[in-house]
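The values are calculated or read from the model by the stated rules, or taken from the named source; none is laboratory data. Bear in mind the structure is a predicted one, so any value in this text is a computation, not a measurement. Note that each Cβ is placed from the backbone with ideal geometry, even for glycine, and that neighbours are counted across all protein chains shown.
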Amino acid sequence: MTNRNSSGPGSFRQAMLTTGPRIIVFRVSGVIDLGGPIQLTEAHSNVTVLGQSSPGGITFINGSIGNYQTNVHDVIIRFIRMRAQAEDTIAFNPVYNLVIDHSDFSGAADETFDIDASHDYTVQWSTILNSMSGANSQNYGILLAYRPTNNISFHHNFSAHHFNRCGANIHWAGGGSVPAGGANLDIRNNIF
(Lines give C-alpha, C1' and ligand atoms only; values in the text may rest on other atoms or scores of the structure.)
Protein backbone atom coordinates (compact mmCIF):
# COMPACT_ATOMS: atom_id res chain seq x y z
CA MET A 1 0.00 0.00 0.00
CA THR A 2 1.64 3.19 -1.15
CA ASN A 3 -0.85 5.99 -0.40
CA ARG A 4 -3.65 7.00 1.97
CA ASN A 5 -6.30 7.51 -0.71
CA SER A 6 -9.73 5.96 -0.12
CA SER A 7 -9.59 4.17 -3.49
CA GLY A 8 -7.52 3.77 -6.62
CA PRO A 9 -4.06 2.36 -7.34
CA GLY A 10 -1.92 1.85 -4.24
CA SER A 11 -4.88 2.24 -1.85
CA PHE A 12 -5.94 -0.13 0.92
CA ARG A 13 -9.36 -0.57 -0.71
CA GLN A 14 -7.80 -1.67 -4.00
CA ALA A 15 -5.46 -4.07 -2.18
CA MET A 16 -8.36 -5.63 -0.25
CA LEU A 17 -10.61 -5.92 -3.31
CA THR A 18 -7.95 -7.56 -5.48
CA THR A 19 -8.48 -11.27 -6.06
CA GLY A 20 -5.97 -14.04 -5.45
CA PRO A 21 -3.55 -14.67 -2.58
CA ARG A 22 -1.82 -11.50 -1.39
CA ILE A 23 0.02 -9.86 1.49
CA ILE A 24 -0.72 -6.18 2.12
CA VAL A 25 2.32 -4.24 3.34
CA PHE A 26 2.05 -0.56 4.30
CA ARG A 27 4.57 1.98 3.02
CA VAL A 28 2.58 4.84 4.61
CA SER A 29 1.45 5.82 8.10
CA GLY A 30 -1.40 7.85 9.50
CA VAL A 31 -5.16 8.05 9.10
CA ILE A 32 -6.96 6.62 6.08
CA ASP A 33 -10.55 7.67 5.43
CA LEU A 34 -12.08 4.56 3.86
CA GLY A 35 -15.07 6.52 2.58
CA GLY A 36 -17.44 3.65 3.36
CA PRO A 37 -17.36 -0.10 3.84
CA ILE A 38 -14.94 -2.44 2.09
CA GLN A 39 -17.34 -5.21 1.11
CA LEU A 40 -15.46 -8.44 0.61
CA THR A 41 -16.71 -11.48 -1.28
CA GLU A 42 -15.31 -15.00 -1.42
CA ALA A 43 -13.16 -13.91 -4.38
CA HIS A 44 -11.33 -11.51 -2.03
CA SER A 45 -10.20 -14.32 0.29
CA ASN A 46 -6.58 -15.35 0.94
CA VAL A 47 -5.36 -11.98 2.21
CA THR A 48 -2.91 -11.02 4.94
CA VAL A 49 -2.96 -7.43 6.25
CA LEU A 50 0.32 -6.57 8.01
CA GLY A 51 -0.42 -3.33 9.83
CA GLN A 52 2.87 -3.66 11.73
CA SER A 53 4.69 -2.93 8.45
CA SER A 54 3.49 0.70 8.58
CA PRO A 55 6.38 2.96 9.63
CA GLY A 56 4.22 4.82 12.19
CA GLY A 57 0.97 2.85 12.47
CA ILE A 58 -2.24 2.95 10.51
CA THR A 59 -5.76 4.03 11.53
CA PHE A 60 -8.84 3.56 9.36
CA ILE A 61 -11.88 5.83 9.79
CA ASN A 62 -15.31 6.10 8.19
CA GLY A 63 -15.75 2.52 7.07
CA SER A 64 -15.71 -1.17 7.87
CA ILE A 65 -14.14 -4.39 6.64
CA GLY A 66 -16.20 -7.46 5.80
CA ASN A 67 -19.60 -8.28 4.42
CA TYR A 68 -22.57 -10.55 5.01
CA GLN A 69 -23.42 -13.80 3.18
CA THR A 70 -20.03 -13.99 1.46
CA ASN A 71 -18.00 -17.03 2.68
CA VAL A 72 -14.77 -15.06 2.95
CA HIS A 73 -11.92 -17.26 4.15
CA ASP A 74 -8.20 -17.36 4.90
CA VAL A 75 -7.88 -13.80 6.21
CA ILE A 76 -5.21 -12.50 8.62
CA ILE A 77 -5.50 -8.95 9.99
CA ARG A 78 -2.73 -7.69 12.29
CA PHE A 79 -1.88 -4.40 14.00
CA ILE A 80 -4.56 -2.09 12.61
CA ARG A 81 -6.80 0.52 14.28
CA MET A 82 -10.36 1.09 13.10
CA ARG A 83 -12.60 4.00 14.08
CA ALA A 84 -15.71 2.99 12.17
CA GLN A 85 -18.21 5.85 12.26
CA ALA A 86 -20.35 3.19 10.53
CA GLU A 87 -22.48 0.20 11.49
CA ASP A 88 -19.63 -2.17 12.42
CA THR A 89 -15.83 -1.99 12.25
CA ILE A 90 -15.53 -5.69 11.42
CA ALA A 91 -18.49 -7.60 10.01
CA PHE A 92 -18.09 -11.15 8.73
CA ASN A 93 -20.93 -13.63 8.15
CA PRO A 94 -19.82 -16.25 7.44
CA VAL A 95 -16.04 -16.44 7.56
CA TYR A 96 -13.58 -19.23 8.25
CA ASN A 97 -9.83 -19.46 8.76
CA LEU A 98 -9.65 -15.90 10.12
CA VAL A 99 -7.06 -14.47 12.52
CA ILE A 100 -7.35 -10.98 14.00
CA ASP A 101 -4.33 -10.06 16.12
CA HIS A 102 -3.13 -6.98 18.03
CA SER A 103 -5.80 -4.71 16.56
CA ASP A 104 -8.01 -1.96 17.98
CA PHE A 105 -11.66 -1.41 17.06
CA SER A 106 -13.97 1.40 18.23
CA GLY A 107 -16.68 3.84 17.30
CA ALA A 108 -19.29 1.71 15.55
CA ALA A 109 -23.03 2.44 15.59
CA ASP A 110 -24.29 -1.18 15.60
CA GLU A 111 -21.87 -3.73 17.04
CA THR A 112 -18.28 -2.61 17.10
CA PHE A 113 -17.21 -6.18 16.33
CA ASP A 114 -19.51 -8.63 14.51
CA ILE A 115 -18.56 -12.16 13.42
CA ASP A 116 -21.34 -14.72 13.23
CA ALA A 117 -22.36 -17.95 11.48
CA SER A 118 -18.64 -18.67 11.17
CA HIS A 119 -16.07 -21.25 12.16
CA ASP A 120 -12.35 -21.74 12.70
CA TYR A 121 -11.28 -18.25 13.70
CA THR A 122 -9.15 -16.54 16.33
CA VAL A 123 -9.35 -13.04 17.80
CA GLN A 124 -6.43 -12.29 20.10
CA TRP A 125 -4.63 -9.46 21.88
CA SER A 126 -7.08 -6.85 20.60
CA THR A 127 -9.28 -4.06 22.02
CA ILE A 128 -12.95 -3.47 21.26
CA LEU A 129 -13.99 -0.14 22.76
CA ASN A 130 -16.33 2.82 22.80
CA SER A 131 -19.31 2.03 20.61
CA MET A 132 -21.09 5.14 19.38
CA SER A 133 -24.01 6.40 21.41
CA GLY A 134 -26.89 8.66 20.53
CA ALA A 135 -29.51 8.69 17.80
CA ASN A 136 -29.34 5.84 15.28
CA SER A 137 -26.79 4.02 17.39
CA GLN A 138 -27.22 0.67 19.10
CA ASN A 139 -23.99 1.16 21.13
CA TYR A 140 -23.24 -2.59 21.33
CA GLY A 141 -19.82 -4.17 21.67
CA ILE A 142 -19.27 -7.73 20.45
CA LEU A 143 -21.49 -10.12 18.55
CA LEU A 144 -19.37 -13.25 18.42
CA ALA A 145 -21.74 -16.12 17.73
CA TYR A 146 -25.23 -14.99 16.79
CA ARG A 147 -25.88 -18.03 14.61
CA PRO A 148 -24.16 -21.40 14.85
CA THR A 149 -20.46 -20.79 15.22
CA ASN A 150 -17.76 -23.34 15.97
CA ASN A 151 -14.04 -23.57 16.67
CA ILE A 152 -13.57 -20.06 18.04
CA SER A 153 -10.57 -18.86 19.99
CA PHE A 154 -11.15 -15.47 21.63
CA HIS A 155 -8.37 -14.66 24.07
CA HIS A 156 -6.42 -11.82 25.68
CA ASN A 157 -8.83 -9.14 24.44
CA PHE A 158 -10.18 -6.05 26.21
CA SER A 159 -13.73 -4.77 25.72
CA ALA A 160 -15.28 -1.76 27.47
CA HIS A 161 -17.60 1.24 27.20
CA HIS A 162 -20.59 -0.25 25.40
CA PHE A 163 -24.28 -0.08 26.36
CA ASN A 164 -24.67 -3.83 25.83
CA ARG A 165 -22.68 -6.84 24.62
CA CYS A 166 -19.55 -5.65 26.35
CA GLY A 167 -18.63 -9.30 26.73
CA ALA A 168 -18.89 -11.75 23.91
CA ASN A 169 -22.56 -12.41 23.11
CA ILE A 170 -22.85 -16.17 22.66
CA HIS A 171 -26.22 -17.62 21.74
CA TRP A 172 -27.84 -19.53 18.93
CA ALA A 173 -30.76 -17.19 18.26
CA GLY A 174 -31.45 -15.82 14.85
CA GLY A 175 -31.81 -19.09 12.99
CA GLY A 176 -29.93 -22.32 12.63
CA SER A 177 -29.19 -24.97 15.17
CA VAL A 178 -26.37 -25.78 17.54
CA PRO A 179 -23.62 -27.62 15.60
CA ALA A 180 -23.80 -31.43 15.84
CA GLY A 181 -21.86 -32.48 18.92
CA GLY A 182 -21.97 -28.96 20.37
CA ALA A 183 -19.65 -26.04 19.76
CA ASN A 184 -15.95 -25.73 20.51
CA LEU A 185 -15.36 -22.26 21.96
CA ASP A 186 -12.16 -21.19 23.73
CA ILE A 187 -12.90 -17.84 25.37
CA ARG A 188 -10.38 -16.96 28.09
CA ASN A 189 -8.10 -14.35 29.60
CA ASN A 190 -10.25 -11.45 28.37
CA ILE A 191 -11.33 -8.35 30.27
CA PHE A 192 -14.96 -7.40 29.69
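Select from the stretch 117-136 the residues that are hydroxyl-bearing (Ser, Thr, Tyr) and assigned to a loop (DSSP other than H, G, I, E, B) and write down the one among them that is modelled with the lowest pLDDT.
At the first step, the residues of the stretch 117-136 found to be hydroxyl-bearing (Ser, Thr, Tyr) are 118, 121-122, 126-127, 131, 133.
Then drop every residue that is not assigned to a loop (DSSP other than H, G, I, E, B), which leaves 118, 126, 131, 133.
Numbers: Ser118: 86, Ser126: 95, Ser131: 70, Ser133: 63.
The selected residue is Ser133.
For a quick check of your reading of the model, give me the residue pairs whose first member lies in the stretch 149-175 and is closer than 16 Å to Ile115 by Cβ and in a strand (DSSP E or B), whose second is among the β-branched types (Val, Ile, Thr) and modelled with pLDDT of 85 or more, with beta-carbon atoms closer than 6 Å and at least 6 apart or on different chains.
Pairs that qualify, where the first residue is closer than 16 Å to Ile115 by Cβ and in a strand (DSSP E or B) and the partner is among the β-branched types (Val, Ile, Thr) and modelled with pLDDT of 85 or more, are Ser153/Thr122; Phe154/Val123; Phe154/Ile187; Ser159/Ile128.
Count, please, the residues in the stretch 34-69 that happen to be within 23 Å of Ala109 (Cβ to Cβ) and either assigned to a loop (DSSP other than H, G, I, E, B) or touching a helix residue (DSSP H, G or I) at 6+ places or on another chain (Cβ under 6 Å) (or both).
So the answer is 10.
Looking at this structure, is Ala109 modelled with pLDDT under 85, part of a loop (DSSP other than H, G, I, E, B) and of a type in the set (A, V, I, L, M, F, W, C)? Don't jump to the end; show me each part of the working.
Details: modelled with pLDDT under 85: yes; part of a loop (DSSP other than H, G, I, E, B): yes; of a type in the set (A, V, I, L, M, F, W, C): yes.
Against the criterion (modelled with pLDDT under 85, part of a loop (DSSP other than H, G, I, E, B) and of a type in the set (A, V, I, L, M, F, W, C)), Ala109 qualifies.
Of the conditions (1) part of a loop (DSSP other than H, G, I, E, B); (2) at pLDDT 90 or above; (3) crowded, with 17+ Cβ neighbours inside 10 Å; (4) not hydrophobic (A, V, I, L, M, F, W, C), His73 satisfies every one except a single condition; which number is it?
(1)
Provide a single number: the residues in the stretch 5-33 that are of a type outside the set (D, E, K, R) and either at pLDDT below 95 or in a helix (DSSP H, G or I) (or both).
Here is the first cut: in the stretch 5-33, the ones of a type outside the set (D, E, K, R) are 5-12, 14-21, 23-26, 28-32.
With either at pLDDT below 95 or in a helix (DSSP H, G or I) (or both) added as a condition, the list becomes 12, 14-16.
Residues meeting the conditions: 4.
Taking the stated definitions as given, is Val99 under 14 Å from Leu40 (Cβ atoms), of a type in the set (A, V, I, L, M, F, W, C) and in a strand (DSSP E or B)? I'd like the intermediate steps shown before the answer.
Values: under 14 Å from Leu40 (Cβ atoms): no; of a type in the set (A, V, I, L, M, F, W, C): yes; in a strand (DSSP E or B): yes.
Considered against the rule, which asks whether it is under 14 Å from Leu40 (Cβ atoms), of a type in the set (A, V, I, L, M, F, W, C) and in a strand (DSSP E or B), Val99 comes out as no.
Return the pair list, or none, for Cβ contacts closer than 6 Å from residues in the stretch 118-142 that are under 14 Å from Asp186 (Cα atoms) and crowded, with 18+ Cβ neighbours inside 10 Å to residues that are among the β-branched types (Val, Ile, Thr) and modelled with pLDDT of 90 or more, at least 6 apart or on different chains.
Val123/Ile100
So is Arg83 within 13 Å of the chain's Cα centre (by Cα) and of a type outside the set (Gly, Ala, Ser) or not? Please lay out each step first, then the result.
Values: within 13 Å of the chain's Cα centre (by Cα): yes; of a type outside the set (Gly, Ala, Ser): yes.
Yes, satisfied.
So that you can scan it fast, the table gives a plain yes or no per residue for (1) among the small types (Gly, Ala, Ser); (2) crowded, with 18+ Cβ neighbours inside 10 Å; (3) on the phi < 0 side of the Ramachandran plot; (4) more than 14 Å from the chain's Cα centre (by Cα):
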position: Leu17; (1), (2), (3), (4): no, no, yes, yes
position: Val31; (1), (2), (3), (4): no, no, yes, yes
position: Gly36; (1), (2), (3), (4): yes, no, no, yes
position: Gln52; (1), (2), (3), (4): no, no, yes, yes
position: Ile58; (1), (2), (3), (4): no, yes, yes, yes
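Cβ-Cβ under 7 Å, sequence separation 6+ or interchain: first residue in the stretch 94-112 and over 18 Å from Arg81 (Cβ atoms), partner surrounded by 24 or more Cβ atoms within 10 Å (Cβ to Cβ) and modelled with pLDDT of 90 or more. Which pairs?
Taking only residues 6 or more apart or on different chains, the pairs are Val95/Val72.
Quick one: in the stretch 145-179, of everything that is aliphatic (A, V, I, L, M) and at pLDDT 65 or above, which residue is surrounded by the fewest Cβ atoms within 10 Å (Cβ to Cβ)?
The selected residue is Ala160.
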